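Single-structure report; data block below.
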Amino acid sequence: MTYLTQAAPEKQLFSKRELSLIDLERIPEHVAIIMDGNRRWAKGHGHPIEVGHWRGTETLDQIVRAASSLGIKTLTVYAFSTENWQRSPFEVDALMHLFETYLHNKREAMVKEGVQLKTIGDLSALPKSVQKALVQTKKATQHGNQIVLILALNYGGRDDIRRACVKLVEAIEEGRLKKRDITERAISQSLDTARWPDPDIVIRSSGDVRISNFLVWQISYSEIYYTDVLWPDFSKHHLLQAVIEFQTRKRRFGS
């Protein structure tokens, strides 16, 4: 059952014509998104930077619903990178306040809509209030069965691999693992994303053509889709277009 049939059957997110453009049997299971362009959107509209970030959360709400309605099972979004700490203290504080407020305000809707919230990244560096809000929202949504929403917070692909290496070294030192056991599978199982399949497609908004240290191990064979649309302007129709493009590609996995 999708979000649409569960929560709002009378208001279909996509028309029959739109759905006819895709093969519902070939929907990507895991979609990852680099939500880029909030600051440029704010500057272009004459707003403070924090307004762009707030608008970005509204877009995220819409995309989670749209992804769920299409049958996407896992949605991973790059919310705050390990490099984002380099931004001004004011912007970082505003983002932390935004995360906490978003988690409190959207918790009930997530439960109703069958969203299960998860995270990747080193959460220990986040403010205690944000960590608490995450724990509360994860617990409240633990039975969500429509879509898994993974927030990448204080996340970096290189740091993910570094922390995985530390786990493996500790396992060797404790005698639980031997050097010959360090396979690609062992590394994958030590990453933050171990419980989920690798993304089928990575979407990046705003026109930049790079992955910015996002899931660098996991997206080795993911399809990459770039769009010039700034994240606050990204809509369900843009998501649908990305799925259409995904279905035109032949995935070779190195063959």
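Quick note: the coordinates plus some simple rules give every number you see, no bench work behind them. What you are looking at is a predicted structure, and each value in this text was computed from that prediction instead of being measured. Methodologically, a virtual Cβ is constructed for each residue, glycine included, from the backbone with ideal geometry; neighbour enumeration extends over all protein chains shown.
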Please give every one of the aspartates and glutamates within straight-line cross-link reach of residue 178, meaning a C-alpha to C-alpha distance under 12 Å, and leave out same-chain neighbours fewer than 8 residues apart. 170
Computed [θ] at 222 nm, deg cm²/dmol, the chain (DSSP H ≥ 4; -39,500 (n - 2.57); rounded to nearest 500): -13500 deg cm²/dmol
Cβ-based charge dipole, the stretch 178-238, positive-most Cα from 226, 207, 194: 194
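In the stretch 151-255, which GluC sites (Glu not before Pro) fall in coil by DSSP and have 14 or fewer other Cβ atoms within 10 Å?
When the GluC sites (Glu not before Pro) of the stretch 151-255 are filtered for loop state and at most 14 Cβ neighbours within 10 Å, 174 remain.
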If you average the alpha carbon positions of the stretch 16-63 and of the stretch 145-206, how far apart do those two centres end up, in angstrom? 25 Å
What FRET efficiency comes out for the pair residue 228/residue 45, r = Cβ-Cβ distance, R0 = 22 Å, nearest 0.05? 0.85
Report the paramagnetic label zone for residue 188: residues of the stretch 194-230 whose backbone N is under 11 Å from a point 7 Å from Cα along the Cα-to-Cβ axis. 194-199, 218-221
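What does the charge count around residue 90 come to, taking other residues whose C-beta lies under 15 Å from its C-beta (Lys +1, Arg +1, Asp -1, Glu -1)? Spell out each step's value before the answer.
Working: positive: 39, 87; negative: 50, 91, 93.
Residues close to residue 90 contribute a combined charge of -1.
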So what is the relative contact order of the stretch 1-116, in percent, for Cα pairs below 8 Å that sit 6 or more residues apart? 34 percent
Can you tell me the relative contact order of the chain? Whole percent, Cα pairs under 8 Å, sequence separation 6 or more. 27 percent
Loop by DSSP (not H, G, I, E, B), at most 13 other beta-carbon atoms within 10 Å: where is the longest site-free stretch of the chain for trypsin sites (Lys or Arg not before Pro)? 27-175
Going fewest to most other Cβ atoms within 10 Å around each Cβ, 221, 226, 78, 102 line up as 221, 226, 102, 78
Over the stretch 61-166, calculate the relative contact order: mean separation of alpha carbon pairs under 8 Å at least 6 apart, over the residue count, as a percent. 41 percent
So for the pair residue 122, residue 208, with labels modelled 7 Å out along Cα→Cβ, what separation do we get in nm? 2.1 nm
The stretch 170-238 - charge dipole about Cα centre, Lys and Arg +1 at Cβ, Asp and Glu -1, debye rounded to 20: 220 debye
Percent of Cα pairs exceeding the 19 Å cut-off, where the set is the stretch 178-255: 49 percent
What list do you get for 231, 54 if you sort them by fewest beta carbons within 10 Å? 54, 231
Among 45, 143, 30, rank each residue by its count of other Cβ atoms within 10 Å, from fewest to most, as a rough exposure measure. 143, 45, 30
List the lysines whose alpha-carbon lies under 23 Å from that of residue 112, not counting same-chain residues fewer than 8 positions away? 11, 73, 132, 138, 139, 236
